[in-house]
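Following: one structure in structure tokens, then a few remarks.
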Amino acid sequence: MKFWNRFSQRLHSSLLLQRQQQQQRGSSAAQSCFSSKASALSLTSKKRRGQKITMVTAYDYPSGVHVARAGIDIVLVGDSAAMVEMGFETTQPVTLDQMLHHCQNVKRGLQHAADGPGTTPMLIGDMPFGSYEYEDTDVALRNAYRFVKEAGVDAVKIEGGSPSRARTVEKIVGGGVAVMGHVGLTPQAISVIGGFRAQGRTASRARELLDEALRLQDAGAFCVVLECVPANVAAAITETLEVPTIGIGAGGGTSGQVLVFHDMLGMLSHPHHEAFVPKFCKRYAHIGHVIQDGLQEFKEDVESGVFPGEEYSPYVMNDKERVAFEQLLETDEREREQHHEDIAKKLTAADEYEQLHLYGGPPGGDEKKK
């Protein structure tokens, strides 16, 4: 009996120790996971320590992986996707569902990259034009919830610093969703501001931008983007705010910098012409040239018969199956030849009809009636 009691006590002690160790490991893992994730608090801490913040846009799984692996602090799924991914002239046409789709893809890219060392970037979804401007701020909050629930973002970004916009920010933050503000050039308002123009170049307008940034901070925004404003204005705003600022075309006095993925890497560059790139964007690579060269080389290899060749034709039959296959082909060779001839005649006839524009064509394109 004594032996059994001692055995039970030792077993109980052993199980208790194992449970405590498991809890400690779980706590350490959770703490490690949290500490390796960029957040509003960690970004504010970087500003106070004088460390610059990096932000880059991403729009799909591959770009999400690349940006995360580079150790960038913030990944913004920007509504600039409308221009660089969809080919629109402005950011206004992109829809809420389209932005959610892009965010979901980037999220998977960040999750894939998280398997390696380093800090996981903070993911921010750009709320598109028409998704948050309503007087009824519940609309904005519902749409912000969609970004969090359906796309897994850590925060959303909205443009503008008017009193009504500040009320929207306050509503969203009060609902539990972090918000990044955006003042200066606000591309969604291009119809109002008259194009992609620099902002804050007069003393009165510069002071308005400062007031807008302060208004957003007071409403609960954890960070403010300053776009296309004079460097001295951006520096003054940054010094005034407690929250970080992220500049784009706003000089080096901001808390951090952001560039568009396609612009900074030259995704749309071409050997014979250069696509429009903003004056403030430094080109860190010319990926477009490499892409064009690769595509051209593929075209030439296929047309010349170089590709695929034996090196890239790895799937083969053994001799026995090859002989059996050739025998099967011989059994219906004549039938297949006849089928081939019939199809060739039909295609030739269809091609002749097209050349005569019998299916419609430009006026005067048909042959004259005799």
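The values are calculated or read from the model by the stated rules, or taken from the named source; none is laboratory data. In this text the structure is predicted, and so the values were computed from the model without any measurement. Positions of Cβ are backbone-derived with ideal geometry, glycine not excepted, and every protein chain shown enters the neighbour counts. Just so you know, the surface numbers come from the protein's heavy atoms only, side chains and all, with ligands and any DNA or RNA stripped out. Shrake-Rupley method; radii C 1.70, N 1.55, O 1.52, S 1.80 Å.
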**Complete:** For the stretch 133-173, the count of residues that are touching a strand residue (DSSP E or B) at 6+ places or on another chain (Cβ under 7 Å) and among the basic types (Lys, Arg) equals 1
**Asked** Is the stretch 262-279 home to any residue that is buried (at least 22 other Cβ atoms within 10 Å of the Cβ), under 20 Å from the mean Cα position of the chain (by Cα) and in a strand (DSSP E or B)?
**Response** no
**Asked** Of these, 153, 169, which one is open to solvent by less than 40 Å² (accessible area, probe 1.4 Å), touching a residue at least 12 places away in the same chain (Cβ under 8 Å), assigned to a loop (DSSP other than H, G, I, E, B) and within 28 Å of residue 98 (Cα to Cα)?
**Response** 153
**Asked** If we scan the stretch 205-219, do we find a residue that is in a loop (DSSP other than H, G, I, E, B) and either touching a helix residue (DSSP H, G or I) at 6+ places or on another chain (Cβ under 9 Å) or surrounded by fewer than 21 Cβ atoms within 10 Å (Cβ to Cβ) (or both)?
**Response** no
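Each row is one residue, and each column tells you yes or no for (1) modelled with pLDDT of 95 or more; (2) within 30 Å of residue 258 (Cβ to Cβ).
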residue	(1), (2)
272	no, yes
276	no, yes
280	no, yes
283	no, yes
294	yes, yes
302	yes, no
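Okay, residues lined up against (1) touching a residue at least 40 places away in the same chain (Cβ under 8 Å); (2) open to solvent by 10 Å² or more (accessible area, probe 1.4 Å); (3) part of a helix (DSSP H, G or I); (4) over 24 Å from residue 96 (Cα atoms):
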| residue | (1), (2), (3), (4) |
| --- | --- |
| 46 | yes, yes, yes, yes |
| 50 | no, yes, no, yes |
| 59 | yes, no, no, no |
| 64 | yes, no, yes, no |
**Prompt:** Out of all the residues in the stretch 248-266, is one or more at pLDDT below 95 and in contact with a Gly (Cβ under 8 Å, 6 or more places away or on another chain)?
**Reply:** yes
**Asked** For the stretch 106-144, which residues satisfy the criterion of being farther than 17 Å from residue 160 by Cβ, buried (at least 18 other Cβ atoms within 10 Å of the Cβ) and either at pLDDT 95 or above or among the charged types (D, E, K, R) (or both)?
**Response** 106, 107, 109, 110, 121, 122, 123
**Message:** Can you tell me which condition residue 186 does not meet? The list is (1) under 22 Å from the mean Cα position of the chain (by Cα); (2) open to solvent by 50 Å² or more (accessible area, probe 1.4 Å), and all the others hold.
**Reply:** (2)
**Prompt:** Which one of the conditions (1) out of contact with any strand residue (DSSP E or B) (no Cβ under 7 Å at 6 or more places or on another chain); (2) buried (at least 23 other Cβ atoms within 10 Å of the Cβ); (3) not aliphatic (A, V, I, L, M) does residue 176 fail to meet, given that it meets all the rest?
**Reply:** (2)
**Request:** Kindly provide the set of residues from the stretch 223-256 that are in a loop (DSSP other than H, G, I, E, B), under 17 Å from residue 57 (Cβ atoms), open to solvent by 10 Å² or more (accessible area, probe 1.4 Å) and without any contact (Cβ under 8 Å) to a residue 60 or more places away in the chain, ordered by number.
**Result:** 228
**Count - residues of the stretch 291-326 that are of a type in the set (Lys, Arg) and over 30 Å from residue 269 (Cα atoms)** = 2
**Item:** Filter result (open to solvent by 30 Å² or more (accessible area, probe 1.4 Å) and not in a loop (DSSP other than H, G, I, E, B)) within the stretch 68-83
**Value:** 69, 83
